[in-house]
Amino acid sequence: MTSNLAQSAAMHRGLSSREATARLARGGGNTLPRRPATALWRRVVAQLRDPLVLVLLAAAVFTIVTRDFTDAGVILFVIVVNTTVGVVQEVKAERAITALSELTAPDARVVRDGAQRQVPAADLVVGDLLVLAEGDIVPADARIVQAAALLIDEAALTGESAPVEKRPPTGPERPDTADALDAVVSAGTVVVRGRGRAVVTATGAASAMGRIAAMLVTAAGLTPLQRRLAGVGRILAAVTLVLCAVVLALGLLRGQPLELMIVTAISLVVAAVPESLPAVVTLSLALGARRMTARHALIRRLPAVETLGSVTILATDKTGTLTEGTMVVRRLWTPTGEATVTGSGYSPDGDVTRDGRIVSGAEAPDLTALLNAVALCNDAALRPPDGDTTTWLPVGDPTEVALLTAAGKLGIDRTVLQQDHPRQAEVPFDSDRKRMTTANRLGSGAARVICKGAPEALLQSPLLADDADLLRRAAARADELAGAGFRVLAVARADRATLPDLTGDGERGLHLLGLVAIFDPPRATAAATISACTRAGITPVLITGDHPATAAAIATDLGIIAAGDPVHDCRTGDPGPPAADGVKVFARATPQQKVAIIEALRGTGAVVAMTGDGVNDGPALHAADIGVAMGQRGTEVARQAADLVLADDELATVVAAAEEGRRVYANIRRFLLYALAGGTAEILVMLTGPFLGLALPLLPAQLLWINLLTHGLPGLALGSEPGDPDAMRQPPRPPAETILGAGLWQRVARVGTAIAAVTLGTGVWAHATDRPWQTLVFLALGATQLAVALGSRARPGTRTNPMLFAAVGSALLLQLAAVYLPPLRDLLHTQPVGLADLLTVGVAATLGYAAIRLDHLVGRRTSAAQSPGEVPRRDPADDRPHAASAQR
């Protein structure tokens, strides 16, 4: 089949229109597969499976059966809001496959019926003869049959930072040979130089882009927060139902009416289960998302806000993420000395320094000769800023653009240079010769021959007429620079009396001008970001499609690995066992291998964030616990596959977002402590009260009223608490730790017992002194929980989060209104109490504040005593050190 296609291409006529139409009908269009849409009812059912929601649904059914329609309406409202938010977030997240189809070129140039024509890319078929030119996006997988200096940028697909030369195969086509690989172009890559023709070999789902699309079909799994909350829901559902059944049984044994005890048990279920937890979680996530947006991190899936705070491994791409994504000349070597080039990007702003001093062209004739040569032997161009753009725009091969930029930093005007020395002949670069040669006019018939290329191809006789010692020194320095991750070019020239034949002896007898070392430099903030991750206990891992030497140099420079640490070359076919070997750098990884690495890391129990910008990063972004895409230079595929998009392309924003994630998680734990302690107190009051002479401590309506006030606005306000300033100087919580772990459930028990003790003490005192004891129990239970809310603040004694003060004040006024306003008093069956009794309840309620502050001190001392040899980690949810081994 392949040979037939090549023969067809050789005829230069392409397919006939009739044959193309027939193939399109048989094989389908050049479009990517789309994931089947999930029915709305399936999304709703998935949301309703949450254990907490199931408990609320059961409570709603029972309240409807007992004709308590007000309570049923409140419960159903919470369920509807929670379900709606979850479904909306799911719908927004499912666009990755659509983005892949948008990436492909909308039109393509083909030869059909012997004539060149423009057709929609979707109408391409296998066998079509593509016409490729500079700037084109390759619309389908194809095999080159003609090429002239054809250079393809495959960075978005493979991660390789340098463009790749493409040419027709020179011998029999075997798919596993380098010769055959040089003839393959893939959909979504870009022609940066030259022209060519290629026969389409795969379209749609069968193309490289289609295979990546297939890897994005699997549904995203639960986030760490969702898994933890699901576990809490199951525990709460089981424990609450059992305890409420006990309350029901005890009431019946005491002779209470069956209907009253059923309603009481249902009310206790609703009161004990923090049904406002979904609202608090949603609010915390939404506030975190808003704060992240202000810090240039755009959240696409709301649960991803918290996931960032759980991250233990940050897997990052190299090109455009840790590096600037632009080729820059950094070192110059000539036989008489070395120089360093400063500056970033393609702007000529920068200097050439030698021995720590800025030099000009007149002061360094050797550097002037070297950079004049690379500016003349060059096919790229730089467009200065204009009205539409504020940056210099590169045109052509990024390596050649970098050479032009370096020349500009020495004050060389390429336009003037070309006018004085116009090009008369050239031999383009190709992968066999590994060099490019030009001849430029000097005047009076003379010509200057300039050759640039790979050191191994140029630093040899008879191309160079220099002595062997100079060539050995140059080769040694070239090897050193290559080992440091630079792409090295050697440059030579010779002046001829007449225009030489460049295909013959014209290239021989040149003299070495020097070496140019080109680098995709690290971002200015990258090293600080990696350091911040390490301090926070987040392990950075580099996964790139680039060369191992380049990956090792960047990783060592940024502190990801130490000099000499292993770098895994994925071209061996094995993605590597990162957990066993401790490998932190993976080079030349394919999209499939990137996914395998991410899954292997997650298999160790780690929570993995993956950053990237290319098409090749899409599957890995999708497979990670949280995918982070670059917003400016990233492909649409990466952006749509990710959970978080960095609007400023700065990796440091990930660290800022992780800090917000830790804040969100801490506030959710803070709310759980507050709400579950209140629920525990309510259950203890209802269970223990009858044994202390309080036959039915609280009526169902009173329980629900307290629950509404305490879990409502104050609970939501706790989700807005500020973060711990030391949060990013501590290791992340262990991935296997439950949301009630690190001593939280013990704290719930202690604080809940304290609230119950205050409430029961108030009730027993009131009962013994013949006061309206049930009303005083009602007031004490609500007021003590509100005091605990104030004591749960992240920074007590400050004015942060004024919303909490307003919420507690409002709830307290409503609690008093339930006792003194006749309509509410009739609804809740309360009685007005005197000022002295009210003050007594107020004093007793302050014990709740004292209890939770005292619990902080107990927890701090317990942690220090149990882990004297460990570094304590501050847990902002409980405002105390938490022992955790420092993962530095």
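The values are calculated or read from the model by the stated rules, or taken from the named source; none is laboratory data. These numbers come from a predicted model, not from an experiment. Don't worry about glycine lacking a Cβ; one is built from the backbone with ideal geometry, like all the others, and counts go over all protein chains shown.
General observations
- Tally of residues being among the charged types (D, E, K, R) and at negative phi across the range 761-787: 1
- Taking every residue in the range 333-354 that is outside the structural domain of Pro365 (by TED's automatic domain parsing) and pairing it with any residue that is hydroxyl-bearing (Ser, Thr, Tyr) and assigned to a loop (DSSP other than H, G, I, E, B), at least 6 positions away or on another chain, yields no pair with a Cβ-Cβ distance below 8 Å.
Residues checked against (1) under 17 Å from the mean Cα position of the chain (by Cα); (2) part of a strand (DSSP E or B); (3) at pLDDT below 75; (4) of a type in the set (A, V, I, L, M):
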{"site": "Glu275", "(1), (2), (3), (4)": "no, no, yes, no"}
{"site": "Thr282", "(1), (2), (3), (4)": "no, no, yes, no"}
{"site": "Ala289", "(1), (2), (3), (4)": "yes, no, yes, yes"}
{"site": "Arg301", "(1), (2), (3), (4)": "yes, no, yes, no"}
{"site": "Val305", "(1), (2), (3), (4)": "yes, no, yes, yes"}
{"site": "Gly309", "(1), (2), (3), (4)": "yes, no, no, no"}
{"site": "Ala315", "(1), (2), (3), (4)": "yes, yes, no, yes"}
{"site": "Lys318", "(1), (2), (3), (4)": "yes, no, no, no"}
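- Some residue of the range 809-823 being exposed (fewer than 13 other Cβ atoms within 10 Å of the Cβ) and more than 22 Å from Pro714 (Cβ to Cβ): yes
- Top-ranked residue of the range 821-831 - restricted to ones that are touching a residue at least 24 places away in the same chain (Cβ under 8 Å) and not aliphatic (A, V, I, L, M), ranked as nearest to Thr769 (Cα to Cα): Gln831
- Take the conditions (1) more than 42 Å from the chain's Cα centre (by Cα); (2) surrounded by fewer than 21 Cβ atoms within 10 Å (Cβ to Cβ); (3) on the phi < 0 side of the Ramachandran plot; (4) outside any helix (DSSP H, G or I); Thr830 misses just one of them, which is (2).
Per-residue answers, yes or no, for (1) farther than 30 Å from Leu621 by Cβ; (2) of a type outside the set (A, V, I, L, M, F, W, C):
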site	(1), (2)
Met292	no, no
Met327	no, no
Pro348	yes, yes
Ser360	yes, yes
Pro365	yes, yes
Ala380	yes, no
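- Residue within the range 32-55 that is assigned to a helix (DSSP H, G or I), more than 28 Å from the chain's Cα centre (by Cα), modelled with pLDDT of 80 or more and surrounded by 15 or more Cβ atoms within 10 Å (Cβ to Cβ) present: no
- Any hit, the range 509-523, residues being assigned to a helix (DSSP H, G or I), assigned by TED's automatic domain parsing to the domain that holds Ala375 and touching a helix residue (DSSP H, G or I) at 6+ places or on another chain (Cβ under 7 Å): no
- Selection within the range 444-494 - hydrophobic (A, V, I, L, M, F, W, C) and within 24 Å of Pro522 (Cα to Cα): Ala454, Ala478, Leu481, Ala482, Ala484, Phe486, Val488, Leu489, Ala490
- Answer from Ala517, Ala494, Ala484 - the residue that is without any contact (Cβ under 8 Å) to a residue 60 or more places away in the chain and closer than 29 Å to Leu376 by Cβ: Ala494
- Thr784 vs. criteria touching a helix residue (DSSP H, G or I) at 6+ places or on another chain (Cβ under 6 Å), of a type in the set (Ser, Thr, Tyr), modelled with pLDDT of 85 or more and closer than 22 Å to Thr688 by Cα: yes
- Residue check for Pro714: touching a helix residue (DSSP H, G or I) at 6+ places or on another chain (Cβ under 7 Å), in contact (Cβ under 8 Å) with a residue 40 or more places away in the chain, farther than 23 Å from Met261 by Cβ and in the same structural domain as Leu243 (by TED's automatic domain parsing): yes
- Scoring Val858 on the criteria (1) assigned to a helix (DSSP H, G or I); (2) modelled with pLDDT of 85 or more; (3) not small (Gly, Ala, Ser) leaves a single failure, condition (2).
- The set of residues in the range 188-200 being surrounded by 21 or more Cβ atoms within 10 Å (Cβ to Cβ), touching a residue at least 60 places away in the same chain (Cβ under 8 Å) and not hydrophobic (A, V, I, L, M, F, W, C) consists of Gly188, Arg193, Gly194, Gly196, Arg197.
- For Val217, the requirement of being at pLDDT 80 or above and under 31 Å from the mean Cα position of the chain (by Cα) is not met.
- Looking across the range 550-566, just one residue is in contact with a helix residue (DSSP H, G or I) (Cβ under 6 Å, 6 or more places away or on another chain) and modelled with pLDDT under 85, and that is Ala563.
- Strands (runs of 3 or more DSSP E) wholly inside the range 569-685 containing at least 2 residues that are charged (D, E, K, R), in the same structural domain as Pro731 (by TED's automatic domain parsing) and modelled with pLDDT of 80 or more: none
- Every residue from the range 478-509 that is in contact with a Cys (Cβ under 6 Å, 6 or more places away or on another chain) and surrounded by fewer than 22 Cβ atoms within 10 Å (Cβ to Cβ): none
- Residue match in the range 203-211 (condition: crowded, with 20+ Cβ neighbours inside 10 Å and at pLDDT 80 or above): yes
- Residue within the range 487-494 that is among the charged types (D, E, K, R) and modelled with pLDDT of 90 or more present: yes
- Residue within the range 377-390 that is surrounded by 23 or more Cβ atoms within 10 Å (Cβ to Cβ) and either part of a loop (DSSP other than H, G, I, E, B) or free of Cβ contacts under 8 Å to residues at least 60 places away in the same chain (or both) present: yes
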